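The values are calculated or read from the model by the stated rules, or taken from the named source; none is laboratory data. Only a predicted model underlies this, so the values are computations on that prediction, with no experimental measurement involved. To get the accessible areas, we keep the full protein, side chains included, count just its heavy atoms, and leave off ligands, DNA and RNA. Shrake-Rupley method; radii C 1.70, N 1.55, O 1.52, S 1.80 Å.
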Amino acid sequence: MEVPWRKVHSWHCTACGLCCNEYLVPLRAYEYLRLKWTGFVEERFGKFYIKKINGKCPFQAGRFCMLQGELKPIACKLYPFKIRKKGNEKAEFEYKGERFYVYVDLFCPNIVLGRPSESLKRMIVEAIQIHLGERRDVESITCRKVFSVKNKAIM
Ligand code: SF4
Ligand code: SF4
């Protein structure tokens, strides 16, 4: 279940890895090509994903993710945020004069509902910048130690 960002006070990642097991990670075409050599990615009907091996992401080692930096899929970097071009007004978020619709997936156990904190707003800006390709480094979203994300498509 997801809610508009205006209903969320804060979030932090404890690298529990739950989302990595739960969801199927969608890849952008260039991410698929970059990881194809691993044998752990697949194409299904023109869309690209990380394969599930025994129900898990093959890049997860314990609570850690083997894909760091540039290699980490955008979907993993953005989780639990979902950024869309359409949505309801409670999900509206303006960035550089452009309107986005931001939702938060409540599957993550570390989401606190309430009035949005300033740190949450900063995370959303960072998520939009990553979504747009304006930045590649992750500062406040996702866990620094590990990662996250998903047998259901997350975007
Ligand atoms: S984002 Fe994923 S890994 Fe991080 S706390 Fe939430 S469910 Fe756990
Ligand atoms: S963040 Fe999780 S789902 Fe994404 S590649 Fe790393 S282990 Fe896999």
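In this structure Tyr23 has an accessible area near 10 Å², from a 1.4 Å probe over the protein heavy atoms. Of the solvent-accessible surface of the stretch 1-124, computed with a 1.4 Å probe and all protein chains present, 56% belongs to carbon and sulfur.
Tell me what the chain gives for mean residue ellipticity at 222 nm when only DSSP H runs of n ≥ 4 count, each as -39,500 (n - 2.57), the sum divided by the residue total, rounded to 500 deg cm²/dmol. Write out the running numbers ahead of the final one.
Numbers: 4 runs with 32 residues, N = 155.
Helix-only estimate at 222 nm: -5500 deg cm²/dmol.
Here is the link list: Lys56/Lys86; Lys7/Lys52; Lys56/Lys121; Lys7/Lys86; Lys36/Lys121; Lys52/Lys82. Which ones come out longer than 25 Å on Cα distance?
In this structure, Lys56/Lys86; Lys7/Lys52; Lys56/Lys121; Lys36/Lys121 lie more than 25 Å apart at Cα.
Scattering from the chain was approximated by placing one identical point on each alpha carbon and applying the Debye formula without solvent; log10 I(q)/I(0) at 0.14 1/Å stands at -0.65.
Per 0.36 nm of contour for each residue apart, how much would the distance between Leu71 and Val3 grow if the chain were fully extended, relative to their Cα-Cα spacing?
Length difference between fully extended and current span is 21.6 nm.
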